1. Which whole-Hz couplings ³J(HN,Hα) result when phi for each residue of the stretch 145-153 is put into the Karplus expression 6.51 cos²θ - 1.76 cosθ + 1.60, θ = phi - 60°, listed in order with x for Gly and Pro?
2. For S61, S92, S112, what ranking results if the residue with the fewest other Cβ atoms within 10 Å of its Cβ goes first?
3. Average the reciprocal distances over every distinct pair of alpha-carbons in the stretch 50-193, invert the result, and give the Kirkwood radius in Å.
4. Only four residue types carry charge here, +1 at the Cβ of Lys and Arg and -1 at the Cβ of Asp and Glu. Report the dipole size of the stretch 28-190 about the Cα centre in Debye, rounded to the nearest 20.
Amino acid sequence: MFKLFSRKNLERIKYVWGSGRIWGGSQVQHWLEHPLVQERINLKVSGTARLNRLDEFIGPSRFQWTDAQIQTMNEQLQQLPKHLRRLISDQSKFKERIVRKTVAYMAAADPSEAVRSLEIVPLLAQYFRILEVKGYGGAILHELLYDIAGNFCEEHTGSLDYLRRLFETEDQLTASQKIRDDFAVIIVRSREA
């Protein structure tokens, strides 16, 4: 069942959940300290030892990809046949190159997108006990496959082989620590628990 919510500045509202749970999913990078403090207070008052799970983008803030990421994305993009680089949003265009968008562009396009994503894990550590951070990639594929992912399907012969190679490349670069995971599931618990 879906509930309607109102749009509010989460840095200013007072939380009264009592259950000690402010999230069950993702997108905490859009609002950090205030809700974390409130959640910590709720957990302490309720005596709850609840585990909280976050599924977050923890990569570069405002998608300011590293030079290594941009270079690898472009190398991988150029290895794809043209028909796999056709844009889903505009079938008459092709993805030719990936560039780092400016912070100003990102702020204008979506002021809440990945604002402080790189700060999530350190901030969580200030307010909670981090039990586990389990990364699951995205440092290359997130931007590389943007607007072309729909081309990788059984209808396009050989496309799934290309997709598997892209995943293998990202996995190898992550394992060798040349890049780090941009997405992670994070399990935290109250420091008092």
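1. Once rounded to whole Hz, the list reads 8, 4, 6, 10, 4, x, 7, 8, 8.
2. In order of increasing Cβ crowding within 10 Å: S92, S112, S61.
3. About 16.8 Å for the stretch 50-193.
4. That gives the stretch 28-190 a dipole magnitude of about 360 debye.
Values in this text are rule-based calculations from the coordinates and carry no lab data. What you see is a predicted model, and the numbers here were worked out from it, not measured in a lab. Cβ: placed from backbone, ideal geometry, glycine included. Neighbour counts: every protein chain shown.
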